[in-house]
Amino acid sequence: MRCQPVLASCVALSSRMARLVLLLSAVGALAGELSVCVGRQQQPPFVFNDTAGQLTGLGLDVLKAVSQQLERPTRLQSLPLARCIEELKFGRYDLALNMSSGIARRPGLLASQAYYQLRPELYALRRPNRPALPAEVWPEDLQLLRLCGLRGLSYEDFGVRSRDIDTGTNVYPELVRKLLLGRCDGLLEFRQIVAGLYLIDRETGELATSSNISRHRLRGQPDVGLHLVARSDSAGRALIASIDPVIRRLQAQGRIDTLLSAYLQP
């Protein structure tokens with residue numbers, strides 16, 4: 001395009017074209033299939049495998065409601081958590097499902113309104129030769145404990161650095177048994193997930209809530225939200241802006257609690 005004769009008009013036209021490109025990009029974010037990734041680690045009752053090996057849980061129900069409201073089919077892929085986040089940033093996925101507030105705050109990401117709030121807690125092994133821990137502990141008190149966790153998960157939501165956690169375990173049944181064998185002093189997990197462990201393994205759920213393990217609230221640590229997360233660009237902003245009203249509607253109608261209770265029935 002030759003701009004010399006009418007430079008001002010050409011600049012204005014170029015500006016309008018740029019705005020049109022941004023608008024079309026945002027519209028594109030609201031059309032077609034939604035590609036979604038989710039961390040591979042099961043977190044019942046939010047994302048876990050049912051008896052047939054299919055992904056299910058509250059997170060899937062929220063995603064289904066979003067899909068129906070936006071009239072966009074979804075394609076869901078289970079990946080290692082770190083890979084899911086990186087591929088989202090590179091634009092290979094439109095959304096990441098079941099992301100905690102700590103992950104959602106990372107640079108380059110944009111989070112939806114939280115569709116559920118989780119309570120971070122410490123689950124400690126009762127030892128006869130040690131004094132019992134108080135009902136509530138400060139995050140700095142955790143530095144005195146040997147903590148174990150699951151490989152690939154982020155523990156910043158609990159007020160600790162993930163690298164300070166022994167994450168040599170892959171699945172919850174192994175993690176709970178590791179604690180009961182005394183190979184660590186405690187594990188950090190959300191109360192609602194521990195309550196749902198029986199959904200993936202009934203024995204693990206019973207062991208995690210047995211009298212051998214004490215439960216402690218983390219003082220000073222706020223509840224942690226679960227979010228849908230997009231890349232922080234114009235398409236991501238348009239997508240999140242369309243998702244938030246769906247989540248608010250589900251919450252206002254009480255459907256979140258209703259959907260969740262269906263998984264937690266004995």
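Here the Kirkwood formula, the inverse mean of 1/r across different C-alpha pairs, assigns segment 120-218 a hydrodynamic radius of 13.4 Å. Between residue 35 and residue 135, the FRET efficiency estimated from the beta carbon spacing at R0 = 45 angstrom works out to 0.55. Computing Rg/Rh (Cα atoms, Kirkwood Rh) for the structure here picks out one of [x] 1.03; [y] 0.93; [z] 1.09, namely [z]. For segment 133-169, the residues whose amide N sits under 15 Å from a probe point set 7 Å from the Cα of residue 214 along the beta carbon direction are 133-138, 141-142, 144-146. Quick one: longest stretch of the chain between exposed loop GluC sites (Glu not before Pro), exposed meaning at most 16 other C-beta atoms within 10 Å and loop per DSSP? Between the exposed loop sites, the longest stretch runs 72-266. In this calculation the C-beta distance from residue 70 to residue 170 is compared with R0 = 35 Å, giving a FRET efficiency of 0.50. Ordering 191, 127 from the fewest to the most neighbouring beta carbons within 10 Å gives 127, 191.
With the convex hull of the Cα atoms taken as the outline of segment 159-266, the averaged projected area works out to 9.6 nm².
Modelled this way, with points 7 Å down the Cα-to-C-beta line, the labels at residue 83 and residue 55 are 1.3 nm from one another.
Every read-out reported here was derived from the displayed coordinates using simple, explicitly stated rules and does not represent laboratory data. As the structure is a prediction and not an experimental result, all values here were calculated from the model. We place every Cβ from the backbone using ideal geometry, glycine too, and count neighbours over all the protein chains shown.
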